[in-house]
Amino acid sequence: MMENSSEIVSFVLSMYGDIGHLKYLYFLLTMILYVSVILANTALIVIIYVKPNLHEPMYLFLCSLFVNDIYGSTALLPCLMVQILSETHDISLLFCFIQIFNIQTYISVEFRTLAIMSYDRYVCICKPLHYNSIITTRRVQIVILVIWIVSFVEIGVLLSFTIRLRFCGTVIDKVCCVNHLVLELACSPNKILSYVNDVVFGLVLIVTAPLVFILFTYVKIFSVCLKASKDTKTKAFDTCTPHLVSIMSFVFACFYNLITQRFEMTFIPLELRVILLTYPLLIQPMLNPLIYGLKLSKIRQAFS
């Protein structure tokens, strides 16, 4: 078993570059965004907890989603604020591995929660008479727990292979640590491990499998809506719109990140590249509470 090189104690996040006095503006904007994410998601969690009429399966899934959004933004934004003000942009191996673990588990939980929420919408719209017997509070709690445990174990096992490597390189051309790029810094880069990380875990298990399940459920929902009454179509539109917006936003962000790990995107302005690369942790955690809070009538009424 190989151990981390004693010479390599930290990596350098090189994408920050020299932003001069603008760093104070970027720091302030990032801090405002982070505080907004915490407040918006926490407010909705509290509202769902204190309002008895929101103690329904769908809102339990939303609580899990909001908790994960706080978790995901915390994996990046505090570090981002520190790095913006830093002159060296170093990150220790320990914090780099912690950040990789937190970001990847966030993405895994987000995708799987969105997938199971699509099944909840499918049962609600396509099998309304059986909804209460199929989607029970107890089952929802078990499913949420399984999603979190499986994601943590899965990413933990994957990352354990990276931690064992001996590193000779130090420069990561991103604003945060990425497992694929850290693997390339190993003294003996392991192509198989990189393939397992990017394709098997990243593309197939975490992204494609939940996405295929989501597409399957929405094909069923749309087929039912074509034959349904106007009231059923309106109900489906009201409950599915925020979910679809959240899915499309997150899918775009994740596929962009997977593509940019393999191809150079230097033709895109640096500022835009940073926003797109951090979109899943920068914008998505703010988007979810906004679209669900504004679109779902029960949540809107709870604030009135």
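Every number in this text was worked out from the coordinates using simple rules, so none of it is lab data. Just so it is clear, the structure is predicted and the values come from calculations on it, not from any experiment. Every residue, glycine as well, gets a Cβ built from its backbone with ideal geometry; the counts of neighbours run over all protein chains shown.
Below are the figures for this structure:
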quantity: FRET efficiency, VAL196 to ILE268 (Cβ-Cβ, R0 25 Å, nearest 0.05); calculated: 0.30
quantity: Where labels lie 7 Å past Cα in the beta-carbon direction, separation of ILE259 and ARG300 in nm; calculated: 3.4 nm
quantity: Theoretical ellipticity at 222 nm over the chain - DSSP helices of four or more residues, -39500 (n - 2.57) apiece, nearest 500; calculated: -23500 deg cm²/dmol
quantity: Most mobile listed residue (VAL224, VAL12, VAL157) in the chain, GNM with C-alpha springs under 10 Å; calculated: VAL157
quantity: Full-stretch length increase - THR42, LEU145 - with 0.36 nm per residue and alpha-carbon distance subtracted; calculated: 35.1 nm
quantity: Full-extension gain in nm, LYS230 to HIS55, via 0.36 nm per residue minus C-alpha separation; calculated: 60.3 nm
quantity: Length-normalised contact order for the chain - Cα pairs under 8 Å, 6+ apart - percent; calculated: 29 percent
quantity: Under 11 Å from the PHE27 label point (7 Å along Cα→beta-carbon), backbone N, the stretch 82-98; calculated: 82-87
quantity: Label selected from [x] 12; [y] 22; [z] 26, the criterion being percent of Cα pairs over 36 Å apart as computed here; calculated: [y]
quantity: Of MET117, MET286, MET81, the one that fluctuates the most in a GNM where the chain has Cα springs shorter than 10 Å; calculated: MET81
quantity: Of LYS174/LYS295; LYS51/LYS295; LYS230/LYS298; LYS51/LYS127, those spanning more than 23 Å from alpha-carbon to alpha-carbon; calculated: LYS174/LYS295; LYS51/LYS127
quantity: Selection from MET117, THR234, CYS254 lying farthest towards where the dipole of the chain points positive, charges on Cβ; calculated: THR234
quantity: Long-range Cα-Cα pairs in the stretch 163-304 (distance over 23 Å), rounded percent; calculated: 53 percent
quantity: Normalised contact order of the stretch 1-112, rounded percent, pairs of Cα under 8 Å and 6 or more residues apart; calculated: 42 percent
quantity: For the chain, built as a Gaussian network whose Cα springs stay under 10 Å, the top-fluctuating residue of PHE267, PHE222, PHE213; calculated: PHE267
quantity: Simple label model, 7 Å out from Cα along Cβ direction - PHE252 to VAL212, nm; calculated: 2.6 nm
quantity: The chain: angle of helix 57-85 to the longest principal axis, Cα-based, in degrees nearest 10; calculated: 20 degrees
